[in-house]
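K.L.:
Structure below; questions to follow.
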Amino acid sequence: VSVLVTARDYTWEDYHSTENQAGGIHFLAKEISEHLNLYVQIPGTTMAIRKSGDVATMSVQNGVDYKNHESLLLIRQDLLDGYLKEKNLALILFAWGERRANYTREDARLLEGDFEISDAIHKQGFLYENGRFRRFL
Amino acid sequence: MLAASYGVSMAFWAAPRAARFQQRLLPNYARALFALMFGQQAQHSTTHILARDYALRSIELALKIQPQLLNPTERLLTTPLFTIGGIRNWDEVEDKDDEKYRLGDSPLGMDFGNYTLGRLVSGRSAYDNKHLDYQRVRRQIMWRIYDLGYRLGTFSAIDQEIARFAYDRGNNPGKTDRYGKKYAWIAFYELAGYRQDLGLLPYDEKRISDADIDPSFPVKPSSPTYFTESWILHDGSVAEWLHSGSCPDVENRLIVQEFAGVPGPWVILHGLVDQSTGDKTIFTFFRAYSLHRLMCLLRLKFSLRSNIPGTMRYRNRKMSITLTPARILGAKLGAIVYLQHQSGRRATR
């Protein structure tokens, strides 16, 4: 089954230049971007529709890495719906991660005690249908 | 200049209110680039892998606006792998000053000589100086820097001075490179392009990992908090928290009507969120995949089998993730879904 990863991580290393410090953001996959006729609003990271300039994707970036931090890619729903319909595609979204100690503390490992990694994992899966997400996992 | 021009091209090729740039400046620039760098009689053709890439990508953007800008024969001449242009006969010379370098004035330096040049050859371990192809690459680099005019006697004093102020580049991305190293970088990129044409690079990426700068110079955005409600609503100990089975409440924020004052609705496709309190933390990856609707109509039930969240296996440039079990029309079976990288490129370029 062919599956398209809908986004790509932008991981340009920041040690090359003081002017390249934007690593860790995300962009819509090229396949979707070209189908929707989008371009990147350089030097910003939003993507917009050619000709009109209407914003199509947004980056959520705030906080400090590994503490309270958000790094997300959002797409306008009508564009996503149009792409999925024209390509006869469905969309699944996984949200998963771990509950852990706060590793800014020196006693983090001690606080966690003994555990299996499966004990700490949380995971959810959603199927996107008819304009809404329905949880299946 | 090519990098800067490519940066400008990326910024304006599709921007509204840039009609003159799109209809005249960029096409004219691309035609000139083709004639000077890729035509049969091009006077400035090069195997310099970055210079060539900046020029090619600029032409590519112009072709998005004017597909007829180049005829089929000309398009072929701008299609890798190249067989003409630049230095095609690489001579080899031993390092003439091998025993004379002092106080950091070597044009290659230890890390550059070992790691950077090492990335041009296949099947070599770090610090394996007996690798035959690696030895050849070193001799070719030395030949080229001498050919460009490098001489230890000319640059030793200034390079020693620069070396005294050098820090690890990880801590100082704006540091000054030694003159000798600048010669070496030019030779490195030229040889990289030549070896790419011959299929001698040890990796199959379209852009070399030593690409150095992204000339679009993206600015990292700063935005309001998206998940404003805490995911850590647990008063017990950290150990109890780990075993609590608690899931972050994300479902009500997968689609929002507006964000940061910009009307949507907006849908989450991808990302990572960390939340921490005094002694607890939780992180969540978001990953969306599109697949044929037939999968949806069959009402597949997926569960994610992964002991290390966020980890996926890369093999032969294909990414796979295991989803199991699947229940199709009442029959259980294990389903392995292979997620194929359709392009393998980074998103912005």
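Yes/no per residue for (1) within 19 Å of the chain's Cα centre (by Cα); (2) at pLDDT 95 or above:
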position: B:Tyr183; (1), (2): no, yes
position: B:Phe188; (1), (2): yes, yes
position: B:Lys206; (1), (2): yes, no
position: B:Ser223; (1), (2): no, no
position: B:Ile268; (1), (2): no, yes
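K.L.:
Also: Pairs under 6 Å by beta carbon, first residue closer than 13 Å to A:Leu73 by Cα and more than 7 Å from every other protein chain (Cβ to nearest Cβ) in the stretch B:255-267, partner at pLDDT 95 or above and open to solvent by less than 60 Å² (accessible area, probe 1.4 Å), six or more apart or different chains?
P.N.:
Pairs found: B:Val256/B:Trp266.
K.L.:
Just give me the residues in the stretch A:31-42 being out of contact with any helix residue (DSSP H, G or I) (no Cβ under 7 Å at 6 or more places or on another chain) and open to solvent by 20 Å² or more (accessible area, probe 1.4 Å), in sequence order.
P.N.:
A:Glu31, A:Glu34, A:Asn37, A:Val40, A:Gln41
K.L.:
I'm trying to understand the selection: among the residues of the stretch A:61-87, which are of a type in the set (A, V, I, L, M) and modelled with pLDDT of 95 or more?
P.N.:
Within the stretch A:61-87, A:Leu72, A:Leu73, A:Leu74, A:Ile75, A:Leu79, A:Leu80, A:Leu84 qualify.
K.L.:
Something else: Considering A:Leu84, A:Leu28, which residue is at the interface with another protein chain (Cβ under 8 Å from one of its Cβ atoms) and either surrounded by 21 or more Cβ atoms within 10 Å (Cβ to Cβ) or under 15 Å from the mean Cα position of the chain (by Cα) (or both)?
P.N.:
Just one listed residue meets the conditions, A:Leu28.
K.L.:
Pairs please, first residue from the stretch A:50-68 and more than 7 Å from every other protein chain (Cβ to nearest Cβ), second anywhere and open to solvent by less than 20 Å² (accessible area, probe 1.4 Å) and among the β-branched types (Val, Ile, Thr), Cβ atoms under 6 Å, 6+ apart in sequence or on different chains.
P.N.:
So the pair list comes out as A:Thr57/A:Ile75.
K.L.:
Follow-up question, since we're still on this one. Here are some conditions: (1) open to solvent by 50 Å² or more (accessible area, probe 1.4 Å); (2) at the interface with chain B (Cβ under 7 Å from one of its Cβ atoms). A:Ile92 meets all but one. Which one does it not meet?
P.N.:
The one condition A:Ile92 does not meet is (1).
K.L.:
Which residues, counting only those in the stretch B:254-289, are surrounded by 15 or more Cβ atoms within 10 Å (Cβ to Cβ) and not in a strand (DSSP E or B)?
P.N.:
Scanning the stretch B:254-289 gives B:Leu254, B:Thr277, B:Asp279.
K.L.:
Okay, next question. Take A:Thr45 and decide whether it is modelled with pLDDT under 95, buried (at least 21 other Cβ atoms within 10 Å of the Cβ) and either more than 7 Å from chain B (Cβ to nearest Cβ) or touching a strand residue (DSSP E or B) at 6+ places or on another chain (Cβ under 8 Å) (or both).
P.N.:
yes
K.L.:
Of all residues in the stretch A:48-84, which are farther than 19 Å from A:Tyr128 by Cα, in a strand (DSSP E or B) and β-branched (Val, Ile, Thr)?
P.N.:
Those that are farther than 19 Å from A:Tyr128 by Cα, in a strand (DSSP E or B) and β-branched (Val, Ile, Thr): A:Ile49, A:Val55, A:Val60.
K.L.:
Which of the residues belonging to the stretch B:198-234 are free of Cβ contacts under 8 Å to residues at least 24 places away in the same chain and under 13 Å from A:Ala22 (Cβ atoms)?
P.N.:
Selection gives B:Val219, B:Lys220, B:Pro221, B:Ser222.
K.L.:
Now for a separate question. From the list B:Glu74, B:Glu60, B:Glu92, which one is closer than 30 Å to B:Ile162 by Cβ and surrounded by fewer than 19 Cβ atoms within 10 Å (Cβ to Cβ)?
P.N.:
Only one candidate qualifies: B:Glu92.
K.L.:
I want to confirm something. Restricting to the stretch A:119-136 and keeping residues that are within 7 Å of another protein chain (Cβ to nearest Cβ) and not in a strand (DSSP E or B), which single residue is surrounded by the most Cβ atoms within 10 Å (Cβ to Cβ)?
P.N.:
A:Ala120
K.L.:
Please go through the stretch B:248-266 and pick out each residue that is farther than 14 Å from A:Ser59 by Cα and acidic (Asp, Glu).
P.N.:
B:Asp249, B:Glu251
K.L.:
Do you know which of the residues in the stretch A:95-107 that are open to solvent by 20 Å² or more (accessible area, probe 1.4 Å) and either more than 7 Å from chain B (Cβ to nearest Cβ) or not charged (D, E, K, R) (or both) is farthest from A:Val40 (Cα to Cα)?
P.N.:
Restricting to residues being open to solvent by 20 Å² or more (accessible area, probe 1.4 Å) and either more than 7 Å from chain B (Cβ to nearest Cβ) or not charged (D, E, K, R) (or both), the top hit is A:Asp107.
K.L.:
Sticking with this one: What number of residues within the stretch A:1-25 are more than 7 Å from chain B (Cβ to nearest Cβ), assigned to a loop (DSSP other than H, G, I, E, B) and without any contact (Cβ under 8 Å) to a residue 40 or more places away in the chain?
P.N.:
Counting residues in the stretch A:1-25 that are more than 7 Å from chain B (Cβ to nearest Cβ), assigned to a loop (DSSP other than H, G, I, E, B) and without any contact (Cβ under 8 Å) to a residue 40 or more places away in the chain gives 3.
The values are calculated or read from the model by the stated rules, or taken from the named source; none is laboratory data. Predicted model, so just to flag it, every value in this text is computed and none were measured. Glycine gets a Cβ as well: all are built from the backbone with ideal geometry, and neighbour counts include every protein chain shown. Calculation scope for accessible area: heavy atoms of the full protein, side chains included, ligands and nucleic acids excluded. Shrake-Rupley method; radii C 1.70, N 1.55, O 1.52, S 1.80 Å.
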